[in-house]
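*Asks:* Have a look at the structure that comes next, please.
The values are calculated or read from the model by the stated rules, or taken from the named source; none is laboratory data. Everything numeric in this text was worked out from a predicted model, so none of it was measured. A quick note on method: Cβ atoms are made from the backbone with ideal geometry, for glycine too, and the neighbour counts reach across all protein chains shown. Only protein heavy atoms, including side chains, enter the accessible area calculation; ligands, DNA and RNA are left aside. Shrake-Rupley method; radii C 1.70, N 1.55, O 1.52, S 1.80 Å.
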Amino acid sequence: TGPMHWNCFVEPVREGKHPGPLYASDGYDLFATITNGGACRGLIEMGSSLYCVSGTVLAKIDTSGVSTEIGGIPGTSPVSMAHNDKPSSRQLVIATDGNRYVVENDVVSEITDADIPPPVAVAYLNQRIIYAAADGSIAVSSVDEATTVSALDEVTAEAKPDGLVGIVEHL
């Protein structure tokens with residue numbers, strides 16, 4: 001037999017022998033359907049919308065569960081996503097298989113800046129997008145401009161370098 005899955009949650013309590021009782025949960029309800037999608041490759045919340053890469057479809061899902069296809073992201077590998085807080089219009093960056101894309105005003109474009117190495121993952125920190133590459137290098141975007149990286153804003157570990165497989169924002 002395979003693994004068992006339980007739908008429940010813990011209600012923490014301050015007193016008693018146990019940290020908290022388990023309460024049954026009926027499971028998940030269908031919230032949105034993405035037409036022409038496939039396996040979920042990644043999700044991110046930006047503003048009041050949820051962006052989902054489903055198969056090769058990039059969809060935007062509103063708070064009522066209505067999904068709108070806004071573009072395509074080629075490939076089948078998981079995606080890494082991060083967004084900035086650009087005042088005029090937020091930019092969503094999607095990295096997968098060394099390719100990089102930006103979504104601005106719900107338009108998908110490939111990022112072409114040669115100073116950005118082929119990323120395995122992206123993160124957001126201090127108004128900048130950080131690009132992590134498999135060769136161990138990290139590039140940092142300009143403030144609130146995800147598609148621009150200066151050649152001086154890239155670094156690679158010099159002592160005992162390793163390749164990178166991901167990046168995590170930790171405050």
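*Asks:* Restricting to the stretch 45-74, give me the number of residues that are within 22 Å of Val102 (Cβ to Cβ) and open to solvent by 30 Å² or more (accessible area, probe 1.4 Å). Step through it out loud before you land on a result.
*Replies:* First pass over the stretch 45-74, keeping only residues within 22 Å of Val102 (Cβ to Cβ): 45-62, 67-74.
Still in the list and also open to solvent by 30 Å² or more (accessible area, probe 1.4 Å): 45, 47-48, 50, 56, 60, 62, 67-70, 72, 74.
Of the residues in the stretch 45-74, 13 are within 22 Å of Val102 (Cβ to Cβ) and open to solvent by 30 Å² or more (accessible area, probe 1.4 Å).
*Asks:* Show the residue pairs meeting these rules: Cβ distance below 6 Å; 6+ apart or different chains; first residue within the stretch 90-118 and polar (S, T, N, Q); second residue open to solvent by 40 Å² or more (accessible area, probe 1.4 Å).
*Replies:* Taking only residues 6 or more apart or on different chains, the pairs are Gln91/Glu104.
*Asks:* Please find, among Asp135, Asp97, the residue that is under 24 Å from Pro161 (Cβ atoms), open to solvent by 50 Å² or more (accessible area, probe 1.4 Å) and under 17 Å from the mean Cα position of the chain (by Cα).
*Replies:* On the way: Asp135 fails: under 17 Å from the mean Cα position of the chain (by Cα).
So the residue among Asp135, Asp97 that is under 24 Å from Pro161 (Cβ atoms), open to solvent by 50 Å² or more (accessible area, probe 1.4 Å) and under 17 Å from the mean Cα position of the chain (by Cα) is Asp97.
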